[in-house]
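The values are calculated or read from the model by the stated rules, or taken from the named source; none is laboratory data. Predicted model only: the values in this text are computed from it and were never measured. Note that each Cβ is placed from the backbone with ideal geometry, even for glycine, and that neighbours are counted across all protein chains shown. Heavy atoms of the whole protein, side chains included, go into the accessibility calculation; ligands, DNA and RNA do not. Shrake-Rupley method; radii C 1.70, N 1.55, O 1.52, S 1.80 Å.
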Amino acid sequence: MFRGVHERLGRTVALKRIRSDLERNTRRRVHFLFEARVAARITHQNVAQVYDILEGEDADWIVMEYVEGEPLSRRMDQGALAVDTVVALGLDLAEGLAAAHLQGIVHRDLKPDNVMLTPEGRAKILDFGVADLVEPLDDGVVPPQPSGLVGTPRAMSPEQVLDTSVDPRTDLFALGTLLYESLSGEPPFYRSGKLWTTLQRICSHQQEPLTGLVPEVPVALSQVVDRLLEKDPADRLQSAEELILELHRLRGDAPRAAKVLFVDDEPDVERLLELRYRAMIEAGELELLFARDGEQALEALQADPQIHLLITDLRMPGMDGLALLGELRRRSLSVLTIVVSAYGDLSNIRKAMNLGAFDFLLKPIDFDDLERTRLKALREVSKRRQLRWLRDENRLLDERHRWLRGAFSRHLRSSDPGGDDQPAAVDGSTLSWTSGATVRTRLTNSE
């Protein structure tokens, strides 16, 4: 990693280059460029931003945000962190993961080396080099397929060890591992020099509750971490948003304002709604966001995964409401949507409902009707988001996961050859080393 200056932007940037000994390796180059494209889709204060990709004959470079500070791993080398610090860290990382998951991106390698702490104490997620996608990118590009299991053993989930399908709950397990180590000073499953023991413990060992190791850890926080470390993905917290709510509740924060995005090209709508909801806005109960068309709405949704509700007019210039609904479905954005239309547009309302709209309102909008519909939708939001990853496909995968976990645990008990804490690859039932499969990112001050 190098530090440089982007002359046109007038800012300091970080430059990441593919290792010189791997530049001629086509497969490695594809992975490197895929990492840049994936990370560039995420715009969030807790994720290091990618600005550009420079492809040259001699080398490829990723131009990204330069993050001042130190890796979390270096901070943790000094010992366990304070409870308040870890809760704030968990919130930052959960917010960053929520932004990635909203784009259908699973990090797959969240560990202290891949987290930077800024001088202000903010945590930023780095290194999407082994990320996976729930769906292909917009142009149909899919993640490069690894030859075996991907990740770093101390940060793996059971489903990674078993080489089964991963989803955002995989990152939540890794975050649980990170929080556990941050609070106790010891990773819950890792055993130095014993790869097989580490993998076996990830799949079958029940970690000691944090309250038994660190008396000052609140019982509620220990329980949250235990839920993140459930072996079966179906038993974990189901989304980063759910974890954010739990951590805010544990810290005693006031309930966060519900975020509602209105999409309408009529200029009076914004002023009218702000006047109608002024008391709730001033009380911190509601935050209103506005967009003039579907394209602006998509940008807002991609930038802020905490938008709870979308209310959109069907007829707008540019990307109209129906096109917006289609994009939401195509990009798997799970925001609840209410459509607004005139009496003469009932056929389009039917199309909108078929595209997944939650409810509809007719113009001119009756504010009492709007408020009833808004409250009904917000009550549904939490349940919808929690169930997002509990579809029939996941249930089938979880059944397969349980069966494989038992079979793999029996196999692990029969042998423990030992090894170092290096990225590993699993081919069939045999473990082999893959040197350098995971790039450990650490910013340096080299020019």
Inset, instruction - Could you pull out every residue, at least 5 positions away or on a different chain, whose amide H is within less than 5 Å of the one on residue 336? Hs are placed 1.01 Å off N in the peptide plane, and Pro or chain starts have none. - result: 310
Inset, instruction - Calculate what fraction, in whole %, of the accessible area of the range 157-197 sits on carbon and sulfur atoms when a 1.4 Å probe is rolled over the protein chains. - result: 38
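Whole number please: convex hull volume per residue, Cα atoms of the range 302-385, in Å³.
Looking at the range 302-385, the number lands at 98 Å³ per residue.
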Inset, instruction - Report the FRET efficiency, 1/(1 + (r/R0)^6), for residue 367 and residue 54, where r is their Cβ-Cβ distance and R0 is 35 Å, rounded to 0.05. - result: 0.10
Legend entry - Rounded Å value of the spacing that divides the Cα centres of the range 29-56 and the range 254-325: 29
Inset, instruction - For the range 179-291, just list the percent of Cα-Cα distances falling in each 10 Å bin from zero outward, please. - result: 12, 28, 23, 15, 14, 8, 1
Legend entry - Cα gyration tensor shape of the range 227-333, rounded if a/c is under 1.5, else prolate or oblate by comparing a/b with b/c: oblate
Inset, instruction - Determine the share of the range 300-364's accessible area contributed by carbon and sulfur atoms, expressed in whole percent, with a 1.4 angstrom probe. - result: 57
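Any idea what the dipole of the range 216-312 comes to, in debye rounded to 20, about its Cα centre with Lys/Arg Cβ at +1 and Asp/Glu Cβ at -1?
For this selection, approximately 360 debye.
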Inset, instruction - Starting with the highest mean, order 151-164, 219-232, 188-201 by the number of other Cβ atoms within 10 Å, averaged over the residues of each peptide. - result: 151-164, 188-201, 219-232
Legend entry - Alpha carbon convex hull of the range 176-218, volume per residue in cubic angstrom: 69
Inset, instruction - Report, in whole Å, the centroid distance computed from the Cα atoms of the range 151-166 and the range 331-381. - result: 40
